[in-house]
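Remarks on the structure that follows.
The values are calculated or read from the model by the stated rules, or taken from the named source; none is laboratory data. These figures come from a predicted structure and were not determined experimentally. Don't worry about glycine lacking a Cβ; one is built from the backbone with ideal geometry, like all the others, and counts go over all protein chains shown.
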Amino acid sequence: MFRTPQRVVTGGLALLFLFPLVWASLASVSPQAGTAQIDGWGFGNYQTLANYQAGIGQYLLNSTLVSLMTVLFTLTVSLLGGYAFAMFRFPGRDALFLVTLAILMVPYATLLIPLYVLLTELGMQNSLVGLALVLTMFQLPFATFMMRISFEAVPKELPESALVDGCGSFRALLHILVPAVRPGLITVGLFAFLAAWNDFITPLVLISDAEKAPLPLAVANMRQQVMGIVDFGATEAGVVVLAFPCILLFLVLQRHYVRGFMSGALKG
Amino acid sequence: MKFKGWAYAAPTALFVLIFFVVPIAIVARMSVSDWRLLTGNRGFNAPENYQDVLDDRLFWPAVWFTLKYTVVTTVILLGLALILALIVQESSRWTGFLRTSFLVPSALGLASASLLFYALYSPQSTPLEFLGIDSFLGTPNAALWSTVVLIVWRFAGFYMLLLLVGLQAIPGDVYEAARLDGANRFQTFRFVTLPLLKSSLAMCAILCVTGSMLAFDQFYILTKGGPDNSTITVVQLIYNMAFYGQNNLGRAAALSILVLAALLIVNVLQFRGLRDKEG
């Protein structure tokens, strides 16, 4: 199918896409004037990053906590919700499902301004838990949709036989259905993690305390330090630290990532 | 049965109510109130906020720039995504490598990608001097195109994947029939592939238009709206009105209601256009 000239052209295109990532990784450890790494190759820029204000450890911890909470909340809510929408009939079911999907239609910015006020009222403004709750809400349309179709794909006999055997609906869910919908859960969890890890505008609006900033916000803020002189070496190092877990997860779970988009595509 | 259904749906309902329905009600009320960041609600003042938004000196330039950016991004992104999807259509080890390469950027966050390109474009650190471009972000046009390159890099693989799903849904015997009728490759693409891919393309267009109309991260990080406020998008204007300078939540709420309305209209029009073509 592919002859040599085609391979050269398509391979060149692939390199074009890989180039910025490779460059950032190399630039972050290569010598460069105006950074912490002036002579020879080394990890001076990562040192700068590690010592920036509260220290990169703090920001990594913030990001990790927010991402894990978001994944946990999203999985719990969408597992139960998907089960309800797929297996039960109850008044208001279709309306609730539609309103959940409608979250997709509303711009982040439109919701963030009232959420800023609402979370302040609830005493959760400037808190990582509040941030995770809001990020969970943004994930719900995709997660609920995905879990609903996952449950609908399970053969009906499976939960029915469990109920006949005297399992309550909750035990049927836990022991029989959760294993059956595991691929859906992995996709939902992966997407929730990537979205929470990478989100920028939500913490920008909701988190005012520099100590509580997640990593993307901290790296973006770092550029404005030291009398307007930007330390590009530290920025490059920050990008590498931000991108590394995402690319790793992507490569390991690529099949699920692709599957997630494909089932999302069914909506259209 | 009814009770159980509601019990399982209750967490979803609570989330949607507290973090979606209530905020929508608040933003609607804010948009008709004198509501500052520091003083809170000081009462009804409609239609002052809407009037102020329309009179804001950056409003029309921001609308115009956002539209221009949306059109440019959508056309380039979908064109390239279609080419990439056609390249990696067959599966083999080589196309597997190509697919992964095109897709890797979409694992990055938009903010991370913007920071990466910020370093890539800055004179102090750029490895791109050999291109002979004086400044990547210094003039309004350069800033627009540099941002488009970033967005195309970040999203081309994502849209390629969506189009690939559409391509693979086309049955093989349609191509076989075209071949028997003596169609050449271009004719097959023009009269077989493209029409059958229309609904996938339309869905990509809806996603891309919506995403571009709400652009924020890339401009906030890469250009800060500059040079000379030439790359301020509508969402950036909302952010600035609420939290930067003006600190006027009411005005920002009014603008976000306008954006929401515009988005709904555009989406309805796109869906309707899609349905008419199919019907």
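Would you mind stating whether residue B:279 is of a type outside the set (D, E, K, R), at pLDDT below 90 and more than 16 Å from the chain's Cα centre (by Cα)?
For residue B:279, the condition - of a type outside the set (D, E, K, R), at pLDDT below 90 and more than 16 Å from the chain's Cα centre (by Cα) - is met.
Return yes when residue A:89 is surrounded by fewer than 20 Cβ atoms within 10 Å (Cβ to Cβ), of a type outside the set (A, V, I, L, M, F, W, C), modelled with pLDDT of 85 or more and more than 30 Å from the chain's Cα centre (by Cα) and no when it is not.
Criteria met by residue A:89.
Which residue is nearest to the chain's Cα centre (by Cα), if the candidates are limited to region B:10-40 and must be more than 8 Å from chain A (Cβ to nearest Cβ) and hydroxyl-bearing (Ser, Thr, Tyr)?
Looking at residues that are more than 8 Å from chain A (Cβ to nearest Cβ) and hydroxyl-bearing (Ser, Thr, Tyr), I get B:31.
Here are the criteria: (1) basic (Lys, Arg); (2) assigned to a helix (DSSP H, G or I); (3) exposed (fewer than 14 other Cβ atoms within 10 Å of the Cβ). Tell me which single one residue B:42 does not satisfy.
Failed condition: (2).
Give the residues of region A:223-247 that are within 17 Å of residue A:198 (Cβ to Cβ) and either at pLDDT below 90 or within 7 Å of another protein chain (Cβ to nearest Cβ) (or both), sorted by residue number.
A:235, A:238, A:239, A:242, A:243, A:246, A:247
Is it the case that some residue within region B:55-71 is of a type in the set (S, T, N, Q) and in contact with a Pro (Cβ under 7 Å, 6 or more places away or on another chain)?
No: zero hits.
Go through region B:160-232 and tell me which helices (runs of 4 or more DSSP H), entirely inside it, have 1 or more residues that are of a type in the set (Asp, Glu) and either modelled with pLDDT of 90 or more or under 30 Å from residue B:148 (Cα atoms) (or both).
The helices (runs of 4 or more DSSP H) meeting that bar are B:217-222.
Which of the residues belonging to region A:10-21 are among the hydrophobic types (A, V, I, L, M, F, W, C) and surrounded by 12 or more Cβ atoms within 10 Å (Cβ to Cβ)?
Matches in region A:10-21: A:13, A:14, A:16, A:17, A:18, A:19, A:21.
With (1) aliphatic (A, V, I, L, M); (2) within 12 Å of another protein chain (Cβ to nearest Cβ); (3) crowded, with 19+ Cβ neighbours inside 10 Å as the list, and residue A:56 as the residue in question, which single condition is left unmet?
(2)
So which of A:146, A:124 is over 15 Å from the mean Cα position of the chain (by Cα), farther than 23 Å from residue B:257 by Cα and not in a helix (DSSP H, G or I)?
The unique qualifying residue is A:124.
Just for region B:238-276: of the residues that are small (Gly, Ala, Ser) and in contact with a helix residue (DSSP H, G or I) (Cβ under 9 Å, 6 or more places away or on another chain), which one is modelled with the lowest pLDDT?
Checking each candidate, the answer is B:273.
Kindly check whether there is at least one residue in region B:166-173 that is more than 19 Å from the chain's Cα centre (by Cα), more than 10 Å from every other protein chain (Cβ to nearest Cβ), farther than 27 Å from residue B:82 by Cβ and surrounded by fewer than 23 Cβ atoms within 10 Å (Cβ to Cβ).
no
Would you kindly identify the helices (runs of 4 or more DSSP H) lying entirely within region A:153-251 that contain at least 1 residues that are within 20 Å of the chain's Cα centre (by Cα)?
A:182-198, A:201-206, A:215-222
What pairs come out if I take residues in region B:79-108 that are more than 8 Å from chain A (Cβ to nearest Cβ) and pair them with residues that are polar (S, T, N, Q) whose C-beta lies under 7 Å away, six or more apart or interchain?
B:88/B:95
Does residue A:110 satisfy being of a type in the set (Val, Ile, Thr), within 9 Å of chain B (Cβ to nearest Cβ), under 16 Å from residue B:11 (Cβ atoms) and in contact with a Ser or Thr (Cβ under 7 Å, 6 or more places away or on another chain)?
Judged against the criteria, residue A:110 is not a match.
Among the candidates A:166, A:189, A:184, which residue alone is in contact with a Leu (Cβ under 6 Å, 6 or more places away or on another chain) and more than 11 Å from chain B (Cβ to nearest Cβ)?
A:189
Kindly indicate whether residue B:259 is surrounded by fewer than 23 Cβ atoms within 10 Å (Cβ to Cβ), within 7 Å of another protein chain (Cβ to nearest Cβ), in a helix (DSSP H, G or I) and under 16 Å from the mean Cα position of the chain (by Cα).
Here the answer is yes, as residue B:259 does meet what is asked.
Could you tell me how many of the residues in region A:93-114 are under 17 Å from residue A:199 (Cβ atoms) and either of a type in the set (Phe, Trp, Tyr) or at pLDDT 95 or above (or both)?
Residues meeting the conditions: 1.
Quick one: which of A:68, A:119 is in a helix (DSSP H, G or I) and at pLDDT 95 or above?
Unique residue meeting the criteria: A:68.
Restricting the search to region A:105-146, which residues are in contact with a Gly (Cβ under 7 Å, 6 or more places away or on another chain) and of a type in the set (A, V, I, L, M, F, W, C)?
The answer is A:119, A:124, A:142, A:146.
Go through region B:178-194 and count every residue that is surrounded by 12 or more Cβ atoms within 10 Å (Cβ to Cβ) and not polar (S, T, N, Q).
8
Within region B:87-144, which residues are in a helix (DSSP H, G or I) and exposed (fewer than 15 other Cβ atoms within 10 Å of the Cβ)?
B:93, B:96, B:97, B:129, B:130, B:131, B:141
One residue is enough: does region A:202-217 have a residue meeting the conditions farther than 22 Å from residue A:250 by Cβ, among the hydroxyl-bearing types (Ser, Thr, Tyr) and in contact (Cβ under 8 Å) with a residue 60 or more places away in the chain?
yes
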